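Q: Once you've had a glance at the structure underneath, I'll fire off some questions.
What follows is calculated from the coordinates using simple rules that are stated; it is not laboratory data. This is a predicted model, so every value here is computed, not measured. Every residue, glycine as well, gets a Cβ built from its backbone with ideal geometry; the counts of neighbours run over all protein chains shown.
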Amino acid sequence: MAAGALSPGTRIGPYPYEIVTAIGDDRGNMSQVYLAKVPAALEGQDPSLVVLKVARADEEYSAFIEQAVNNEVERLRKLKHPGIVRIFPIQRTGGIPNLAYSAKAVALPGQPLFIVLEHLSGGSVSDLIEAGPLDIGMALEIGRSIAATLDYLHGKGQVHLDLKPDNILFRKPAAIGAQVEPVLIDFGIARDINQAGLEARTAQYAPPERMRQGKAPELALPQPSMDVYALGVILYEMLTGQLPFKARSRSSLTSEIVQGNIAAPSRLRREVNRELDSFVAQLMSQDPAQRPSAETAAVQMEKIAIQGSYLPRYPSPDNVGEMLKRSRKSGGSGGGLVDTLIAVAALLLIFFTLGTYPYWRGQITFSLEGWATLLSNVPEVVSQSLIPGLIAGAAGIVQWAGYWIGLLWQQVAGG
């Protein structure tokens with residue numbers, strides 16, 4: 001539990017919400033987030049869980065914080081999309097709904113504002129990245145879903161401006177065969193397109209036009225391309241387990257972002273192909289006009305996944321850590337290719353053993369002439385059976401293997 005957090009069972013005023021536990025760490029944030037339950041007596045059913053987002057009671061920044069809370073409330077009330085967190089009207093003890101979507105926690109010092117949000121139980125993108133690079137198919141599917149949500153948001157004339165792994169939660173844990181459901185949260189500094197407002201950002205995910213102080217200020221006005229850039233940083237992080245810019249000081253980080261020199265993801269992970277390298281670079285282009293729209297980005301990620309055979313493998317809650325470790329290990333050493341080659345070699349060894357069985361059992365004798373004939377037919381076997389078999393898939397490989405065994409048997413037996 002974070003320092004200064006409310007204890008379980010605490011009430012924040014004449015509201016039916018009872019604190020269960022603090023969520024996350026409030027250091028450097030404008031609010032503290034709590035998991036809370038609504039008693040069964042109010043709902044007429046099993047106690048339900050919600051999230052209370054309680055603003056910091058900070059006199060120095062009180063106006064800024066209040067503006068951010070009100071901004072988030074007004075935007076979430078109007079946004080209805082499965083990829084965006086839901087906000088609920090505040091309820092009072094006795095079950096009488098109060099249609100206001102924010103209220104003062106009158107039982108807390110400073111009476112800070114709070115809002116009530118849906119409980120998203122599946123963890124965050126940040127949680128997955130902490131375990132190492134994600135399965136590439138899963139990273140692309142998460143990225144595609146986020147891009148689709150951004151397309152909706154941008155279509156409403158809004159820009160999130162604080163897209164980062166901590167602000168992308170999952171409605172439920174990823175499960176084998178199930179679709180991932182990433183959800184955007186924290187709309188406190190979101191703005192309408194071209195609307196000036198609160199100058200707040202998370203530097204590691206901010207585009208270069210927001211980091212250039214005093215230069216071309218019109219370029220720093222909120223644009224959809226800013227969210228697309230942040231999506232590119234997140235995709236890079238999901239693919240490699242690393243941020244593209246890692247300078248420790250703020251000035252050095254700003255310089256790196258403005259210069260835009262990043263290592264291609266494939267340099268850190270062999271499984272990443274050129275198309276995916278180029279796509280990430282396009283998302284993070286220094287020129288906002290060169291970045292694709294969110295809609296185009298979603299379509300492109302699906303295309304790359306299909307063409308590159310990056311099919312998502314969804315872990316269950318019990319094996320997510322193991323799968324991510326396996327993905328990280330194979331990504332760093334080219335383990336997937338090695339495993340494939342070993343499997344092919346083992347298969348060929350089995351075929352060869354079966355084909356030469358009569359010889360090493362002593363049922364037939366070795367003939368130099370017979371083996372010379374066999375070897376002379378190898379080019380024909382490869383050109384006429386092997387390559388078409390590979391193209392045709394597994395059935396072709398089996399057919400080629402049968403042809404090889406038959407030819408081997410004939411040549412040995414004929415000798």
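Q: Please compare each pair in 78/164; 104/172; 246/303; 78/104; 53/78; 53/172 to a cut-off of 25 Å on the Cα-Cα distance and tell me which ones are over it. Let's see the in-between values first.
A: On the way: 78/164 22 Å; 104/172 30 Å; 246/303 30 Å; 78/104 22 Å; 53/78 19 Å; 53/172 20 Å.
Violating the 25 Å limit, Cα to Cα: 104/172; 246/303.
Q: Additional query: Label residue 267 and residue 62 with points 7 Å out from Cα along Cα→Cβ: what is the distance between them in nm?
A: 5.1
Q: Right, another one. What's the exposure ranking of 295, 275, 60, going from fewest to most Cβ atoms within 10 Å? Spell out each step's value before the answer.
A: Values: 295 16, 275 13, 60 8.
The order, fewest Cβ neighbours first, is 60, 275, 295.
Q: Over region 157-301, what is the relative contact order in percent, taking alpha-carbon pairs closer than 8 angstrom and at least six residues apart? Don't skip to the end; give the middle numbers.
A: Working: 188 pairs, mean separation 33.6, N = 145.
After rounding, I find 23 percent.
Q: With a cut-off of 8 Å between alpha carbons and a minimum separation of six or more residues, what is the relative contact order of region 79-167 in percent? Show your work: numbers first, answer last.
A: Details: 70 pairs, mean separation 22.7, N = 89.
RCO, region 79-167: 25 percent.
Q: Now for a separate question. Provide the three semi-axes, in whole Å and in decreasing order, of the ellipsoid equivalent to region 229-305 as defined by the square roots of 5 times the Cα gyration tensor eigenvalues.
A: Rounded to whole Å, the semi-axes are 21, 16, 9.
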